[in-house]
1. For the stretch 207-225, give me each residue that is closer than 15 Å to residue 186 by Cβ, modelled with pLDDT of 90 or more and not in a loop (DSSP other than H, G, I, E, B).
2. Pick from the stretch 145-174 the residues that are open to solvent by less than 20 Å² (accessible area, probe 1.4 Å) and in contact with a Ser or Thr (Cβ under 6 Å, 6 or more places away or on another chain): which of them is nearest to residue 102 (Cα to Cα)?
3. Scan the stretch 90-106 residue by residue and report those that are assigned to a strand (DSSP E or B) and either closer than 14 Å to residue 16 by Cα or open to solvent by 10 Å² or more (accessible area, probe 1.4 Å) (or both).
4. Suppose we keep only residues that are small (Gly, Ala, Ser) and at pLDDT 95 or above within the stretch 25-71. Which one would you say is least open to solvent (accessible area, probe 1.4 Å)?
5. With the checklist (1) open to solvent by less than 50 Å² (accessible area, probe 1.4 Å); (2) under 23 Å from residue 219 (Cβ atoms); (3) not in a helix (DSSP H, G or I) in hand, flag the one item residue 87 doesn't pass.
6. Can we say residue 228 is open to solvent by 50 Å² or more (accessible area, probe 1.4 Å), without any contact (Cβ under 8 Å) to a residue 24 or more places away in the chain, assigned to a helix (DSSP H, G or I) and charged (D, E, K, R)?
7. In the stretch 134-188, which residues are small (Gly, Ala, Ser), over 13 Å from residue 216 (Cβ atoms), outside any loop (DSSP other than H, G, I, E, B) and in contact (Cβ under 8 Å) with a residue 40 or more places away in the chain?
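The values are calculated or read from the model by the stated rules, or taken from the named source; none is laboratory data. Computed from a predicted structure; not experimentally measured. Note that we place each Cβ from the backbone using ideal geometry, even for glycine, and neighbour counts take in every protein chain shown. These accessible areas exclude ligands, DNA and RNA; they are computed on the full protein's heavy atoms, side chains included. Shrake-Rupley method; radii C 1.70, N 1.55, O 1.52, S 1.80 Å.
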Amino acid sequence: MGYDITSLHLYMGLQCNTRCAMCYQTDFSKKSDMPQVIYKQHLSELYPHLQQVKIQGGEPTIMSNCADFAKLIRPFENIKLIIATNGVNVSEFWMEVFSRQGKRINFSVNASRASTYDGLVKYGNFDRVVKNTAALLARRGKDGPTVSVSSVILPGNAGELSHFVEFWSDVGVDFVEFLIDPLLSFNKLPERTAMQREMEKIKELKEARGLKIVGISGFAKNFGVELESGGGNIEKAPCKVPFKNILVDYNGDVLVCANTWKVVGNTYKSSITEILESPLRQEFLRKVEKNDYMWCASWCASNPAPKKAAILHKYLTQFNQAPYSFLKKAVSKYKKLKMN
């Protein structure tokens, strides 16, 4: 077949060395690690055609299969890595991977003050994360990688979002990304006027420093602040991600991206070629071509026509796929809402 996939996203497992306030995981063990057979055999025919691979945990820097995969693709100079890390334990091996093979390295920090960080990350080390981020910035060559930091907007950090932008801009990152949790990001926030001031400060910093800030424009609109020129009249282009990308979960399930829940195949049951040509994937592509995003997360920044009913479709699908896991995660989400 003629390969049209240029981007691969791998969920390598759930192992993690920190426990973050916004995390819904209920298992952090090695038992969910992606087996070698998936990335060494099931997906091998893709590698000569790819431009980038995103490897995601858990925490990649403590997972042996992530290190194994980074070594596996070194001969493929066409592939660059996108990696999200909490930045706590970045060994010399991973610093070399980041600087040599990286396209984009994101440090998921969620704070810009040690006191705030300690309230959100149980087993972290804020000073070490700052040091590791600065070390990578100093070590990278002229060809990259791009280095960013991200934060989920939470009650515990919502009053410091502008400080987050200012602090990490001073460290020297290329851009700052904010992530929205559909439940926690809107639960028990500071009063509206305080949030409005935060958004205005972010707008001032963005304009004064020419800094790229991702993922907060829609959130800012809730407080009457437009961060993008053109206001709300800019029409989003149709999403192209499903046509060039696939995501493979640690159990072999294949999806078109991280912002859908619709499984289009499994690498244990079908070859990757068969999955790419499968009726389910083709149906997904047809729906997107018709501007139907019922199978896509409504909060996705690339979704040009979000549907409120999509969240119901997601929950029904996930419940039907794995009732016990769905209920376990639902209980975890409820507890976090009560705690925050």
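1. 219, 220, 221
2. 173
3. Once the filter is applied, which keeps residues that are assigned to a strand (DSSP E or B) and either closer than 14 Å to residue 16 by Cα or open to solvent by 10 Å² or more (accessible area, probe 1.4 Å) (or both), the stretch 90-106 yields 103, 104, 106.
4. Ranking the qualifying residues of the stretch 25-71, first place goes to 70.
5. (2)
6. So residue 228 fails the test.
7. 135, 141, 144, 148, 169
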